[in-house]
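Worksheet for the structure shown next.
A short reminder: the numbers here are calculations on the coordinates, not readings from a lab. Bear in mind that the values here come from a model prediction, so they are computed numbers and not experimental data. Cβ placement follows ideal geometry from the backbone for every residue including glycine, while neighbour counts extend to all protein chains displayed.
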Amino acid sequence: MFPTTRLRRLRQHPQLRDMLRETTLSPRDFILPLFVRFGRGERIPISSMPGHAQLTVDHLADEVREIASLGIPAVILFGIPEHKDAVGSDACSDSGIIPQAIQAIKEATPELLVITDVCFCEFTDHGHCGIVVETGGHADVDNDATLEILGRQAVAHARAGADMVAPSGMMDGMVRAIRTRLDEAGFAQLPVMSYAAKYASAFYGPFREAAESAPQFGDRRTYQMDPANAREAMREVQLDVAEGADLLMVKPALSYLDVIERVKSAYPELPLAAYNVSGEFAMVKAAAANGWLDERRTSLEVLTSIKRAGADVILTYHAKDACRWLEG
Ligand code: PBG
């Protein structure tokens, strides 16, 4: 028998299977995204993301207790404010939807790590990730004006008790701007996880329904990357590392396993996150609902591949299911 065959047989042995496996998933690998909505007593299901809902702050305590009891160490928060305007005022307010959510979560489960998404698309009435200006007859995001408000948003989250902030807007200089503002405000210890390589992806579709953040005109291609480019991702990552990012992220995950691999090889010393985004989740859910795929096997295979590619942590809407499957 050839050695590869013998080894594969050996790996079927129940005692050796786990011992010899190159990649193992654990609940400790997951960060679960949560959508927090203004108002009271509401839990509004997100139709394109079965099992997920927009929750009002009063529903958070029960939700996070369940999350913590499953062994999931962290959540990342997205907010849907009552009022949206051109500059996303709620995002910078100490009494905004995200600060309220952080306080509620910290009260219920102090041990749960609370990460916040730092971006404006959920807070602006035009749905873009920052301040929009007219230049040469068409509207576009003003990168540098946006840096200013990103800093204010991050500080508001820090004051409310966030454990980590995650800028996702792909603005140039966002990591440095946020780092500077956090340091000035006395939060030098607060880590920044940068969505360093984020693509202009069709896989964000369900999220934009969930977060009510679809751009009202144009698209995000002036600030998010072309899916065809991987070398460009390395340049984005390099800039964020130089600006002081503590953790890096590649997003989406499944169509970008090569990018995950490249980033991990280039910066093995930096923790790397990968975002298994809404469309990747919805795809598996829809196929499973039709009986075309086995949801458990498919999503554990997807998550394992993301980790195998080099991700240290995975942001995934399958986190709760995966914990139950891994236990069972
Ligand atoms: C932007 C943001 C987006 C996602 C996370 N942060 C959407 C976008 O860029 O339009 C998408 C995540 C997902 O699809 O699950 N703040």
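Points worth noting:
- Ranked list, fewest to most other Cβ atoms within 10 Å of each Cβ, for M234, M249, M49: M234, M49, M249
- Checking the Cα-Cα distances for K84/K307; K198/K320; K285/K307; K106/K264; K106/K285; K264/K320 against a 28 Å cut-off, the pairs over it are K84/K307; K106/K264; K106/K285.
- Between T180 and E295, the simple spin-label model (points 7 angstrom out along Cα→Cβ) gives 4.7 nm.
- Listed by Cβ neighbour count within 10 Å, with the fewest neighbours leading, T124, T5 appear as T5, T124.
- Whole-number percent relative contact order across the stretch 79-202, with pairs defined as alpha carbons under 8 Å at least 6 apart: 25
- FRET efficiency, E82 to A200 (Cβ-Cβ, R0 41 Å, nearest 0.05): 0.90
- Computed lengthening from R159 to S255, 0.36 nm per intervening residue step minus Cα-Cα distance: 30.9 nm
- Rough spin-label spacing in nm, given labels placed 7 Å along Cα→Cβ, for F2 and D58: 6.5
- Counted residue by residue at 0.36 nm each, then reduced by the alpha carbon distance between them, the extension gain from R235 to H138 reaches 32.2 nm.
- The modelled label-to-label distance between E107 and R9, using points 7 Å beyond Cα along the C-beta direction, is 6.2 nm.
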